[in-house]
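Below you'll find the structure, written out as structure tokens, and then a few comments.
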Amino acid sequence: MKYNIYLDDIRIPRDSFNYTKDFRYNKLDWVIVRSYDEFIGAVEKVGLENINLISLDHDLADEHYGGDDLPWSTEGQIDYFSYKEKTGYDCAKWLCEHALDENKKIPKILVHSFNLVGSDNIKYYIKNFIKNNPELS
């Protein structure tokens, strides 16, 4: 059996895919996880080889939201060291390291985050990992 993992602290898959107009993903069964720790637990439980698709949100805790006190510069960078809680970016990094450690391919990854800077960071990290490790993609 192949699993689909959806990481988001608040939303459910239908909310994300209706917004992105990518309705084909609404028909899938999803394992919903709400945090970095739940994400790792789900991936380790089912195994990389049994995951078909992962959809990632970036902001997973209250500290990642907010107004003027967000740790983003005007140049569109995020100060990840200022966060106490892990983000979807941290999940993407862990996933790639886990794939290397296990010598297993990473599944297809979607990013459904409203945080454009965080979303780009995740996408760039995954793209760079695939470029440097084509045998694991």
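Read-outs throughout are calculated quantities, based only on the coordinates presented, and are distinct from any laboratory measurement. Nothing here was measured: the structure is a model prediction, and the numbers come from that model. Note that we place each Cβ from the backbone using ideal geometry, even for glycine, and neighbour counts take in every protein chain shown.
A few points about this structure:
- Size of charge dipole - the chain - debye, nearest 20, with Cβ of Lys, Arg +1 and Asp, Glu -1, no other charges: 860
- If R0 is taken as 25 Å, the Cβ-Cβ distance between Tyr125 and Leu28 corresponds to a FRET efficiency of 0.55.
- Computed from the C-beta positions of Arg14 and Leu136 and an R0 of 35 Å, the FRET efficiency is 0.70 to the nearest 0.05.
- Listed cross-link partners Lys84/Lys108; Lys21/Lys108; Lys93/Lys127; Lys45/Lys105; Lys2/Lys86 are compared with a 21 Å cut-off, the Cα-Cα value being larger for Lys84/Lys108; Lys2/Lys86.
- Contact order, relative form, for the chain: 27 percent (alpha carbon pairs under 8 Å, 6 or more residues apart, mean separation divided by residue count).
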